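The values are calculated or read from the model by the stated rules, or taken from the named source; none is laboratory data. Predicted model only: the values in this text are computed from it and were never measured. Cβ placement follows ideal geometry from the backbone for every residue including glycine, while neighbour counts extend to all protein chains displayed.
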Amino acid sequence: MNAFQPDMRVNIGGFQMKNPVMVASGTFGYGSEYAEFVDLNRLGGVAVKSITLEPRAGNPPPRIAETPAGMLNTIGLQNVGLEAFLTEKLPYLRQFDTSVLVNLSGYTVSDYVQLCERLSEAEGVHGLELNVSCPNVDCGGMQFGVDPQLLGELVAACRRATRLPLIVKLSPNVTDIVTLARVCEEHGADGLSLINTLLGMAIDVRTRRAKLSRGVGGLSGPAIRPIAIRMVWEVARTVSLPIIGMGGITCTEDALEFILAGATAIAVGTANFVNPSVSMEIVSGLEAYFQEHQIASVDKIVGTVQVDG
Amino acid sequence: MNRHDVRSRILEKRFLAPRHVWMRLECDWDPARVQPGQFLHLWLPELRDPLLRRPYTIYRIRPGEVEILFQVVGKGSGLLAEREPGERVHLLGPLGRGFALPEPGTRALIVGGGVGMASLFLLIQRLREQEFEVEVFIGARSRDYLLCRDEAAESGALVWLATEDGSEGFAGLVTELVAQRLERNPPERAVLYGCGPTPMMEALAKVGAAHRLPTYVALENRMGCALGVCLGCVVPIRREGTSRYERVCTEGPVFEAAQVCWGFRI
């Protein structure tokens, strides 16, 4: 019956996807964990759990705490390390017709550069996502994402190290995210992921202890969505890089909000924990919306939100 | 893998003791493929606060339905306890690695503290079906909270009771009762299985070590995804001399007690 077939393909600075729906780094493992619930062939893309040069043990428990419509985490970049990723995790993802974005993090610029070089040689990696926004480690991560000069140097160095699409995942824990987005653009990034988690804290009043082992952690979930939407909108108005929008997406309507604010693609994060097949629901839901409204392609509505005054 | 996310409905609910709730839920999982000690991750659909699902151990399972038995400890379990038959829930599972049955001829000593008995009943049932000698030690703060005593006795297990206030059975901690039992009449070949508050399981680990008995415990923790992805539910585990974080949802919830680095916070 539906003769109208919208073109759902999107392109984030060379990172091509069959539709705008991704799953966010750290919320989907390396893909195999969700095999029973998600047909990876139907996903636009997968951002894999952050990879570092060496395996990392992560932070002590307690690592998660729930807050209204959200959760705090301090996982601390626990991951299998580059070598195990290449030999044990990546081959699984290669079986599927989906775009693989590898999120990477390091202590130093040199760590990021080495990761970019090694991952660029690997078969089945379609793009790199620089994690400069992890709030849960002392060194490596967020210090790059909050300092324009450090960020510029890092992006430039990674740009020289890879020809793959280079996407920078920015931290919302800054006064003016637009400044940092501009720095990425000036130093050769191909796209931006907005946003990582917001720094937060929760306290158990009975024990009078912080609920997380390190006191503070990253807040995700629907609680942060309005902030994420606002940041996507601000950045999209002033920077020409394509944006992957994320932060509290739980359904098709949430995804559309991000697209109207200026995101070309979206990533589902914490909602995967609650409803493991939510990304499939959003793939179907977006297509139905485009059909219903006779919108020919995704770019027709990216950033088209109307604001009075 | 054999995990499903099913739309279910509450069929029946009862309060067994203050804040202790039993529920029967629709569920089409094959009981033969559920290991004792495995759990399900339950969602009250469309809820945003609390946002996450809650893990509940699989207390009993039959074709077409599953039973859970839980204590109200916070917002999530409190909201579930208020739900009535007919209302919808989503069940993700069966999840985790459960208890393995011992070699034939081994005597099984099963130790439950409070609502921890919920993780052990399926094990008792499976062991008795295969005609293992089973002794069940049930501990609680007082007699009203001694769960599953009739079911354990009906299975043919020998049942021991302990209450902290002495209102029934041995007066004291259930782990003290287990230690006494082992000292008086050390069994030839035995294995300890336990579930309860973390200090109780730590005490059981010591009893098991003192008597050189293999000891397995089902841990609990806060969970995000319960699918091994979020890495939120880890505990420190020592294997072959090195300790590392392992996931209660995936490598657990059942661990060998001697390998658990006790003293972690959950």
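Could you tell me which residue of the range A:206-234 is surrounded by the most Cβ atoms within 10 Å (Cβ to Cβ), considering only residues that are of a type outside the set (D, E, K, R) and in contact with a Lys or Arg (Cβ under 9 Å, 6 or more places away or on another chain)?
Result: A:G217.
When you scan the range A:89-99, do you find a residue that is at pLDDT 95 or above, surrounded by fewer than 21 Cβ atoms within 10 Å (Cβ to Cβ) and within 14 Å of chain B (Cβ to nearest Cβ), even just one?
The answer is yes; a qualifying residue exists.
Quick check on my filter: what residues within the range A:223-264 are in contact with an Asp or Glu (Cβ under 8 Å, 6 or more places away or on another chain), part of a loop (DSSP other than H, G, I, E, B) and among the aliphatic types (A, V, I, L, M)?
A:V239, A:L241
Give the residues of the range A:265-277 that are crowded, with 24+ Cβ neighbours inside 10 Å, out of contact with any Leu (no Cβ under 8 Å at 6 or more places or on another chain), outside any helix (DSSP H, G or I) and not hydrophobic (A, V, I, L, M, F, W, C), sorted by residue number.
A:G269
Looking at (1) polar (S, T, N, Q); (2) free of Cβ contacts under 8 Å to residues at least 24 places away in the same chain; (3) in contact with a Lys or Arg (Cβ under 6 Å, 6 or more places away or on another chain), can you tell me which one A:N196 breaks?
All conditions pass for A:N196, except number (2).
Over 30 Å from A:D204 (Cβ atoms), modelled with pLDDT of 95 or more and at the interface with chain B (Cβ under 9 Å from one of its Cβ atoms): does that describe A:F85?
no
Could you please find all residues in the range A:19-51 being within 21 Å of A:N196 (Cβ to Cβ) and in a loop (DSSP other than H, G, I, E, B)?
Answer for the range A:19-51, where residues must be within 21 Å of A:N196 (Cβ to Cβ) and in a loop (DSSP other than H, G, I, E, B): A:P20, A:A24, A:S25, A:G26, A:T27, A:F28, A:G29, A:Y30, A:G31, A:L43, A:G44.
Only one of these conditions is not met by B:R239: (1) surrounded by fewer than 15 Cβ atoms within 10 Å (Cβ to Cβ); (2) more than 10 Å from every other protein chain (Cβ to nearest Cβ); (3) in contact (Cβ under 8 Å) with a residue 24 or more places away in the chain. Which number is it?
(3)
Consider B:R33 against the criteria (1) surrounded by fewer than 15 Cβ atoms within 10 Å (Cβ to Cβ); (2) more than 25 Å from A:Y34 (Cα to Cα): it satisfies all of them except one. Which criterion is unmet?
Result: B:R33 passes all but (2).
Return the only residue of B:V248, B:V235 being in the same structural domain as B:G114 (by TED's automatic domain parsing) and in contact with a Phe, Trp or Tyr (Cβ under 7 Å, 6 or more places away or on another chain).
B:V235 is the lone residue from the list that is in the same structural domain as B:G114 (by TED's automatic domain parsing) and in contact with a Phe, Trp or Tyr (Cβ under 7 Å, 6 or more places away or on another chain).
Among the strands (runs of 3 or more DSSP E) contained in the range B:1-70, which hold 2 or more residues that are within 14 Å of chain A (Cβ to nearest Cβ) and aliphatic (A, V, I, L, M)?
B:39-43
Within the range A:120-132, identify whether any single residue is modelled with pLDDT under 95 and over 23 Å from A:L40 (Cβ atoms), and answer yes or no.
yes
Among the residues of the range A:15-71 satisfying the criterion of being in contact with an Asp or Glu (Cβ under 9 Å, 6 or more places away or on another chain) and facing chain B (nearest Cβ under 7 Å), which is nearest to B:R222 (Cα to Cα)?
By that ranking, first place goes to A:E66.
Being within 14 Å of another protein chain (Cβ to nearest Cβ), crowded, with 23+ Cβ neighbours inside 10 Å and over 18 Å from B:C225 (Cα atoms) narrows it down to one of A:C116, A:C134, so name that one.
A:C134
Anything in the range B:79-94 that is within 13 Å of another protein chain (Cβ to nearest Cβ) and either farther than 19 Å from B:R60 by Cα or within 20 Å of the chain's Cα centre (by Cα) (or both)? List them, or say none.
Once the filter is applied, which keeps residues that are within 13 Å of another protein chain (Cβ to nearest Cβ) and either farther than 19 Å from B:R60 by Cα or within 20 Å of the chain's Cα centre (by Cα) (or both), the range B:79-94 yields B:L79, B:L91, B:L92, B:G93, B:P94.
Regarding A:G200, is this residue within 14 Å of chain B (Cβ to nearest Cβ) and assigned to a strand (DSSP E or B)?
Criteria met by A:G200.
All but one of (1) touching a Phe, Trp or Tyr at 6+ places or on another chain (Cβ under 6 Å); (2) more than 28 Å from B:H4 (Cβ to Cβ); (3) of a type outside the set (F, W, Y) hold for B:L173, so report the exception by its number.
Here B:L173 meets the rest and fails (1).
Within the range B:246-266, identify whether any single residue is within 9 Å of chain A (Cβ to nearest Cβ), surrounded by fewer than 17 Cβ atoms within 10 Å (Cβ to Cβ), without any contact (Cβ under 8 Å) to a residue 40 or more places away in the chain and out of contact with any helix residue (DSSP H, G or I) (no Cβ under 7 Å at 6 or more places or on another chain), and answer yes or no.
yes
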